[in-house]
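Everything below concerns the one structure shown next.
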Amino acid sequence: MSQQGYVATPPYSQPQPGIGLSPPHYGHYGDPSHTASPTGMMKPAGPLGVTATGGMLPPGPPPPGPPPPGPHQFGQNGAHAAGHPQQRFPGPPPVNNVASSYAPYQPSAQSSYLSPMSTSSVTQLGSQLSAMQINSYGSGMAPPSQGPPGPLSATSLQTPPRPPQPSILQPGSQVLPPPPTTLNGPGASPLLPPMYRPDGLSGPPPPNSQYQPPPLPGQTLGAGYPPQQANSGPQMAGAQLSYPGGFPGGPAQLAGPPQPQKKLDPDSIPSPIQVIENDRASRGGQVYATNTRGQIPPLVTTDCIIQDQGNASPRFIRCTTYCFPCTSDMAKQAQIPLAAVIKPFATIPSNESPLYLVNHGESGPVRCNRCKAYMCPFMQFIEGGRRYQCGFCNCVNDVPPFYFQHLDHIGRRLDHYEKPELSLGSYEYVATLDYCRKNKPPNPPAFIFMIDVSYSNIKNGLVKLICEELKTMLEKLPKEEQEEMSAIRVGFITYNKVLHFFNVKSNLAQPQMMVVTDVGEVFVPLLDGFLVNYQESQSVIHNLLDQIPDMFADSNENETVFAPVIQAGMEALKAADCPGKLFIFHSSLPTAEAPGKLKNRDDKKLVNTDKEKILFQPQTNVYDSLAKDCVAHGCSVTLFLFPSQYVDVASLGLVPQLTGGTLYKYNNFQMHLDRQQFLNDLRNDIEKKIGFDAIMRVRTSTGFRATDFFGGILMNNTTDVEMAAIDCDKAVTVEFKHDDKLSEDTGALIQCAVLYTTISGQRRLRIHNLGLNCSSQLADLYKSCETDALINFFAKSAFKAVLHQPLKVIREILVNQTAHMLACYRKNCASPSAASQLILPDSMKVLPVYMNCLLKNCVLLSRPEISTDERAYQRQLVMTMGVADSQLFFYPQLLPIHTLDVKSTMLPAAVRCSESRLSEEGIFLLANGLHMFLWLGVSSPPELIQGIFNVPSFAHINTDMTLLPEVGNPYSQQLRMIMGIIQQKRPYSMKGHPPLRKCKAGT
Ligand SMILES: [Zn+2]
């Protein structure tokens, strides 16, 4: 791609200390530096910890000697010196640089954890975690004559998973019923049959070890057993659980000698619900001011009012830990990922201040001469205000004359509180022409609607529906608040094997159609009249939208093209010299002769082999290079897919993913059932806040730097994150690595700058600053972790790795790294305890449970029954998720509806997301951000069934419905209100699936 039009000193063109050196082997998946025994670097003894009572080492083998130096040691200052200057647009890109945006994993990771130390505490912890994943769902699996858990041998970790061994599992014999609760009384059977799984979805796994999972056509909600279970289950007997601080509501402490015969009580496992509720109780509804470096924000599930006092709101940036380790050795020792999940355009609620806009006129933003960081609260003014020291690179800069201000008695500028860039964590700058392509202001963006008018879309009424609804939806094109009408122009294309462009110029009486049959080399047949202002051309556009369904009503064309459609949209934007977004409504595998033609390659035989990754890779590199072209021209692609069979989502979804677009998928679309969900999605997508033609740069203070990026992004070098567009729901997860020591005094500072074009065509910079603490105490690091952000990071790094590595290896790495993080805590921060105890730091109480949820996601499960397209879809979806969405996605909300207080306006308290929590007297709502299920027990109260469904009994409920009937009854109103609250702020309209299942007693 060529963007030579940018000016000679573009904002991101300067070399930066610590940036610009591409580390050869970063990443959790195959980082050779991990092959050095991480545990070997643990400090031999000493109370590093501040938690609990002693900080003594637990009994265990003496730590081995220092590890052999790994091939890629951290902590080299050379990284600075060696960092070669990066050019923003360094000429022709390397041949394979699209792939490089997700390539750095190397399949060598297994050995990382097989040091002598690993075979004891780490492995045992891994075993205990696996025990949790069995037992957390209520299956007692204690082998009758198994002694205390012995360490697994190093080799046993490398053996492939074995199937469950019935002789050890002893189905049924050890099962303890779940403890009596209001939901699950003493009489309730813990043995529930599998949930009905409509639409390729699964419910939580059943509680009993006798259960054999049925074929799963697709998997979302935590079903099935991860393979680790089979590997380590038998060793798990007697695993007990404890963690500092105890667990409210659970057994006080399970410390003590191992008791091999006793199963792990699911209730003794820390409850995510409890953690969420505790945080809500202590921090909910309060004002959270961001004035302190390194402070840990409320959980993403807690509602509070955020006040920017110098650090970016957690709505914009959340971190895996708010206290970085001072050295890379310490980071390697703990193996806690150091990452930030950045959602630069996150929606700000109306009760919080919107971002201020700073305008320095022609002078442009004030920036450090050396590292190009933008003026922010981390700059220290000195010499009476004439100079300032950069908080990122320490360079001392002159204050430009126009920006001079005197300092007060504590060395602060007198205008400190008048300038957002001096006192706030987040703000925007008006960008000068230097920041624009070709040194001229950008044109406002355009939306192009591209409708597949092949036979099936006409026949099922989809084309008619889209055309009809667009007429009203286009009234709501996004606009700046102060403006009367949207600056966004619109254009229309229909296609099957050929493309039809429409001229909808306002002075025409009738729209005109131009057909492009040469799909091999698409050109734009008209410039004037293709992209128009909606208000001005309204009558011609409505005329067109009325005509399109009839125009193709007699078409028998089944074949479609796809890549040429994107190409056409991109070329049209290019010709109009504006960024924009394509809305493509597509249904089938593009088999017509054209670039990007696909064949059905859905080969289930690849599942569970080393070649499984192929299923997640695009079939041809046409889409890779197309995505690159799109990003180069600020063309974002949003795809609405309506597949009735395999359509190769891995290929079709690539351009949407890499261009910051969104992929929506409606399997077997049925007008009467799925219409509303689709229309909600379309409306939301048209209206949502979005920035175009964006480049993001993450700067850091000295000692560490951003090394890896995950999201709807493309990178042509190691530092510039390019995005054709980024909307309010998209997040980029950034991983950091040390390249030197960090100081406890200065902390670790992060500045994220996004240069973008607004919906009205203004070029702006959005700046987010965040200061983190640093510590040489491991306990501080563990205290400051955020599990929800950790899971976001683990999910994205694992889902990125599935393109290149066997899933088995990835799953093992996830389990091992989790075990390692916890083992390091236990060894260095916790008081001595029995080897069989699982010790969890307070901030990671629910990490093992969440990790199990991640492992149960259909992307990581190698099951041929799960649709390949569904797996590819979910993989792409997660790659751009923010923390709130990934939290709900991996740990769905399960709400008891039968205990509703119809007078309350609050959501009912959730219960743990496990099938063992369902009861046959109950009604439950289950939501994960994509789907919403209503689950009905066979003995659910008739008055509730009457109230919600307006039918006299269970047997009368229509099992096809996807929307609740509107019944004028308090139960119905309350339930619909709850569903509305859950749906709020979620990027996808959740598909309704009521009623999920009718459970029969005792089966
Ligand atoms: Zn600097």
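The values are calculated or read from the model by the stated rules, or taken from the named source; none is laboratory data. Bear in mind the structure is a predicted one, so any value in this text is a computation, not a measurement. Note that each Cβ is placed from the backbone with ideal geometry, even for glycine, and that neighbours are counted across all protein chains shown. Remember, those area values only see protein heavy atoms, side chains included, never the ligands or the DNA or RNA. Shrake-Rupley method; radii C 1.70, N 1.55, O 1.52, S 1.80 Å.
When you scan the range 515-526, do you find a residue that is in contact with a His (Cβ under 8 Å, 6 or more places away or on another chain) and free of Cβ contacts under 8 Å to residues at least 40 places away in the same chain, even just one?
Checked against the condition, which is being in contact with a His (Cβ under 8 Å, 6 or more places away or on another chain) and free of Cβ contacts under 8 Å to residues at least 40 places away in the same chain, the range 515-526 yields at least one hit.
Given the structure, is H360 surrounded by fewer than 15 Cβ atoms within 10 Å (Cβ to Cβ) and touching a strand residue (DSSP E or B) at 6+ places or on another chain (Cβ under 8 Å)? If you could, list the steps in order and put the result at the bottom.
Numbers: surrounded by fewer than 15 Cβ atoms within 10 Å (Cβ to Cβ): no; touching a strand residue (DSSP E or B) at 6+ places or on another chain (Cβ under 8 Å): yes.
Judged against the criteria, H360 is not a match.
So which pairs qualify, if the first residue must be in the range 359-371 and free of Cβ contacts under 8 Å to residues at least 40 places away in the same chain and within 16 Å of R699 (Cα to Cα), the second must be near the ligand (Cβ under 7 Å from one of its atoms) and open to solvent by less than 10 Å² (accessible area, probe 1.4 Å), the Cβ gap must be under 6 Å, and the two must be at least 6 apart or on different chains?
C368/C390
Residues of the range 578-608 being aliphatic (A, V, I, L, M) and out of contact with any Leu (no Cβ under 9 Å at 6 or more places or on another chain), which ones?
Of everything in the range 578-608, those that are aliphatic (A, V, I, L, M) and out of contact with any Leu (no Cβ under 9 Å at 6 or more places or on another chain) turn out to be A592, A594.
Would you say A909 is modelled with pLDDT under 95, within 30 Å of A779 (Cβ to Cβ) and open to solvent by 10 Å² or more (accessible area, probe 1.4 Å)?
The answer is no for A909.
Looking at the structure I just gave you, is L895 part of a helix (DSSP H, G or I), under 25 Å from the mean Cα position of the chain (by Cα), modelled with pLDDT of 90 or more and closer than 26 Å to M851 by Cα?
Criteria not met by L895.
Is there any pair linking a residue in the range 959-983 that is basic (K, R) to one that is assigned to a loop (DSSP other than H, G, I, E, B) and open to solvent by less than 40 Å² (accessible area, probe 1.4 Å), with Cβ under 8 Å and at least six apart or on different chains, and which?
That search, which allows pairs on different chains as well, returns R976/L964.
Could you list all residues from the range 390-400 that are open to solvent by less than 10 Å² (accessible area, probe 1.4 Å) and away from the ligand (no atom under 11 Å from the Cβ)?
Hits for the range 390-400: nothing passes.
Restricting the range 604-618 to residues that are in a loop (DSSP other than H, G, I, E, B) and open to solvent by less than 50 Å² (accessible area, probe 1.4 Å), which is nearest to F562 (Cα to Cα)?
Initially, the range 604-618 is screened for residues in a loop (DSSP other than H, G, I, E, B), giving 607-611, 617-618.
Adding the requirement that they be open to solvent by less than 50 Å² (accessible area, probe 1.4 Å) leaves 607, 618.
On the way: V607: 27, P618: 14 Å.
Ranking the qualifying residues of the range 604-618, first place goes to P618.
What number of residues in the range 346-380 are closer than 21 Å to Q762 by Cα, within 16 Å of the ligand (Cβ to nearest atom) and not β-branched (V, I, T)?
The total comes to 4.
Looking at this structure, is R387 out of contact with any Phe, Trp or Tyr (no Cβ under 8 Å at 6 or more places or on another chain) and within 16 Å of the ligand (Cβ to nearest atom)?
Answer is no for this residue.
In the range 511-569, which residues are assigned to a strand (DSSP E or B) and either of a type in the set (G, A, S) or buried (at least 20 other Cβ atoms within 10 Å of the Cβ) (or both)? Spell out the reasoning first.
We begin by selecting, within the range 511-569, every residue assigned to a strand (DSSP E or B); these are 512-516, 532-533.
Within the range 511-569, V532 is the sole residue that qualifies.
Testing Y417 on (1) touching a helix residue (DSSP H, G or I) at 6+ places or on another chain (Cβ under 7 Å); (2) within 16 Å of the ligand (Cβ to nearest atom), one condition comes back false. Which one is that?
Among (1) touching a helix residue (DSSP H, G or I) at 6+ places or on another chain (Cβ under 7 Å); (2) within 16 Å of the ligand (Cβ to nearest atom), the lone unmet condition for Y417 is (2).
In the range 823-853, which residues are polar (S, T, N, Q), open to solvent by less than 10 Å² (accessible area, probe 1.4 Å) and under 20 Å from K332 (Cβ atoms)?
Answer for the range 823-853, where residues must be polar (S, T, N, Q), open to solvent by less than 10 Å² (accessible area, probe 1.4 Å) and under 20 Å from K332 (Cβ atoms): just N828.
Which members of the range 736-757 meet the condition of being within 12 Å of R705 (Cα to Cα) and open to solvent by 50 Å² or more (accessible area, probe 1.4 Å)?
Passing the criteria: D740, K741.
Need the failing condition index for A706 against (1) under 16 Å from Q751 (Cα atoms); (2) open to solvent by less than 10 Å² (accessible area, probe 1.4 Å); (3) not β-branched (V, I, T), just the number.
Unmet for A706, out of (1) under 16 Å from Q751 (Cα atoms); (2) open to solvent by less than 10 Å² (accessible area, probe 1.4 Å); (3) not β-branched (V, I, T): (2).
Is the range 447-462 home to any residue that is assigned to a loop (DSSP other than H, G, I, E, B) and more than 30 Å from A563 (Cβ to Cβ)? Outline the logic, then answer.
The initial filter retains those residues of the range 447-462 that are assigned to a loop (DSSP other than H, G, I, E, B), namely 453-454, 460-461.
Then drop every residue that is not more than 30 Å from A563 (Cβ to Cβ), which leaves none.
Checked against the condition, which is being assigned to a loop (DSSP other than H, G, I, E, B) and more than 30 Å from A563 (Cβ to Cβ), the range 447-462 yields no hits at all.
Could you grab me the full set of residues in the range 297-316 that are touching a helix residue (DSSP H, G or I) at 6+ places or on another chain (Cβ under 8 Å), of a type outside the set (S, T, N, Q) and open to solvent by 50 Å² or more (accessible area, probe 1.4 Å)?
D303
Residues checked against (1) in contact with a strand residue (DSSP E or B) (Cβ under 9 Å, 6 or more places away or on another chain); (2) at pLDDT below 95; (3) open to solvent by less than 10 Å² (accessible area, probe 1.4 Å); (4) under 30 Å from V430 (Cα atoms):
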| position | (1), (2), (3), (4) |
| --- | --- |
| L654 | no, no, yes, no |
| K689 | yes, yes, no, yes |
| F710 | yes, no, yes, yes |
| N716 | yes, yes, no, yes |
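Quick one: is M881 under 30 Å from P656 (Cβ atoms) and assigned to a loop (DSSP other than H, G, I, E, B)?
Here the answer is yes, as M881 does meet what is asked.
For the range 902-927, which positions are assigned to a loop (DSSP other than H, G, I, E, B) and closer than 18 Å to E277 by Cα?
S904, T905, M906, L907, P908, A909, A910, R912, C913, S914
If you go through the range 854-867, how many residues are over 22 Å from C319 (Cα atoms) and open to solvent by less than 10 Å² (accessible area, probe 1.4 Å)?
So the count comes out to 7.
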